[in-house]
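Take a look at the structure below.
The values are calculated or read from the model by the stated rules, or taken from the named source; none is laboratory data. All values derive from a computational prediction rather than experimental measurement. All Cβ positions, even for glycine, are placed from backbone atoms using ideal geometry, and neighbour counts span all protein chains on display. Quick note on the areas: whole protein, heavy atoms, side chains included, nothing else; ligands and nucleic acids left out. Shrake-Rupley method; radii C 1.70, N 1.55, O 1.52, S 1.80 Å.
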Amino acid sequence: MKLAGNVSTSKILVIGCMHGDEPQGKYLIEEYLKEFPNTKLGLIPCLNEYGVQHNVRTNKNGVDLNRNFPTKNWELTERDNFFGGEKPASEVETKFLMDVINELKPEAILTLHAPYKVVNYDGEALELAQKISEIIDYPVEASIGYPTPGSFGTWAGIEHKIPTITLELDEEINVKELREPVFKIFKMLEEY
């Protein structure tokens with residue numbers, strides 16, 4: 001886990017690889033940093049390094065980081081791919097991300113996921129979601145369609161009132177085909 005980009009003045013935070021079996025974000029963020037090293041964005045290329053190394057959704061403790069945030073709806077669940085931990089914010093990755101957000105105080109957050117090909121949003125992010133949708137041509141969805149207790153979107157977007165976008169990328173195409181639209185999204189966010 002590391003924070004890259006222009007962290008001193010960044011107003012937008014972009015996060016890759018909350019789930020290790022969704023590696024598209026890491027590739028896209030790292031490629032963007034190579035091409036635009038002076039980006040205005042705050043970037044976390046890979047939140048869940050263990051998951052990426054082992055191609056699993058969860059971290060080394062078997063916790064789905066996107067169910068581990070201390071939200072009002074967090075709940076202790078079965079130990080499966082959606083296990084939210086023994087308690088909220090139990091994981092080092094969750095604490096790291098919460099600390100980054102408390103320090104940066106971003107005006108908006110974009111997380112890169114897969115595979116649903118939608119622009120999901122939490123909080124007051126509909127306008128931003130529509131702008132992203134125009135670039136990548138995915139539909140805008142207020143709900144991902146199933147319960148997500150302890151989710152990052154609920155914690156950041158709803159409970160902390162930071163407009164939060166979950167961009168669900170197409171996993172069936174070569175990730176290199178996502179460079180152009182995602183880089184356009186990043187550029188738009190730099191001017192947001």
inquiry  = Along the Cα→Cβ direction, 7 angstrom out, place labels at residue 184 and residue 75. What is the inter-label distance in nm?
reply    = 4.1
ask   = Out of residues 5 or more away from residue 110 or on other chains, whose amide H comes under 5 Å of its own, with H placed 1.01 Å from N in the peptide plane?
value = 13, 14, 15, 165
key: √(5λ) per eigenvalue of the Cα gyration tensor, the chain, largest first, Å   = 23, 18, 17
ask   = So what's the gap between the Cα centers of region 66-91 and region 92-117, to the nearest angstrom?
value = 16
key: Amide proton proximity set for residue 170, modelled H, under 5 Å, gap of 5+   = 117
query = What aspartates and glutamates sit close enough to residue 117 to cross-link, taking a C-alpha to C-alpha distance under 14 Å and skipping anything fewer than 8 places away on the same chain?
reply = 22, 134, 137, 141, 168, 170, 171, 172, 177
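On a 1.4 Å probe surface of the protein chains, which of 121, 32 comes out largest in accessible area, and what is the full order? Each step should come with its number before you reach the end.
Working: 121 45, 32 0 Å².
Ranked list, largest accessible area first: 121, 32.
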note = Listed by chain and number, the residues whose amide H is under 5 Å from that of residue 162, excluding neighbours fewer than 5 places away on the same chain and using placed H, are 157
Cα-Cα pairs of region 1-111 separated by more than 20 Å (percent) = 40
ask   = Where does helix 126-136 land angle-wise versus the long Cα axis of the chain, in degrees 0 to 90, nearest 10?
value = 60
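Give the percent of DSSP beta bridges with both residues in the chain that are antiparallel, rounded to the nearest 5. Each step should come with its number before you reach the end.
Numbers: 7 of 22 bridges.
Around 30 percent of the beta bridges assigned by DSSP in the chain are antiparallel ones.
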note = One quarter of the C-alpha convex hull surface, i.e. the mean projected area of region 134-183 in nm², amounts to 4.5
task = Kindly write out, for region 173-185 in residue order, the coupling ³J(HN,Hα) from the Karplus curve 6.51 cos²θ - 1.76 cosθ + 1.60 (θ = phi - 60°), rounded to whole Hz, with x marking Gly and Pro.
result = 10, 4, 4, 4, 6, 8, 3, 4, x, 5, 5, 5, 5
key: Rounded to whole Hz, the Karplus (6.51, -1.76, 1.60) HN-Hα couplings of region 13-20, x for glycine and proline   = 10, 10, 10, x, 6, 5, 10, x
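Arrange the residues 64, 170 by how much accessible surface each exposes, largest first, with a 1.4 angstrom probe.
Values: 64 0, 170 20 Å².
Heavy-atom accessible area, descending, gives 170, 64.
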note = In whole Hz, the Karplus estimates of ³J(HN,Hα) for region 52-68 (6.51, -1.76, 1.60; θ = phi - 60°; x where Gly or Pro) are 5, 4, 10, 6, 10, 5, 8, 8, 5, 8, x, 9, 6, 4, 7, 10, 9
ask   = Using alpha carbon coordinates only, what is the Rg to Rh ratio of region 55-101, with Rh defined as the Kirkwood radius?
value = 0.94
task = Can you find, among 158, 94, 81, the residue farthest towards the positive end of the dipole of region 56-173? Put +1 on the C-beta of Lys and Arg, -1 on that of Asp and Glu.
result = 94
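Okay, helix-only estimate at 222 nm for the chain: each DSSP H run of n ≥ 4 adds -39500 (n - 2.57), divide by all residues, round to 500 deg cm²/dmol; what do you get? Display every interim value, and only then the final one.
Values: 5 runs with 54 residues, N = 192.
That comes out to -8500 deg cm²/dmol.
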task = Calculate how steeply helix 92-104 sits against the longest principal axis of the alpha-carbon atoms of the chain, using the helix alpha-carbon long axis, and give the answer as 0 to 90 degrees to the nearest 10.
result = 50
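Let me check against my output: what whole-number percent is the relative contact order of region 1-155, with C-alpha pairs under 8 Å and at least 6 apart? Working shown, then result.
Working: 301 pairs, mean separation 40.5, N = 155.
So the answer I get is 26 percent.
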key: Selected from 58, 164, 148 as most flexible by GNM, with the chain as the system and alpha-carbon contacts under 10 Å   = 148
Degrees, to the nearest 10: 24-35 long Cα axis against longest axis of the chain = 40
query = Just by accessible area at a 1.4 angstrom probe, what is the order of 93, 171 from largest to smallest?
reply = 171, 93
Partners for residue 87 among lysines (Cα-Cα distance below 29 Å; same-chain residues under 8 apart left out) = 2, 26, 60, 72, 95, 105, 161
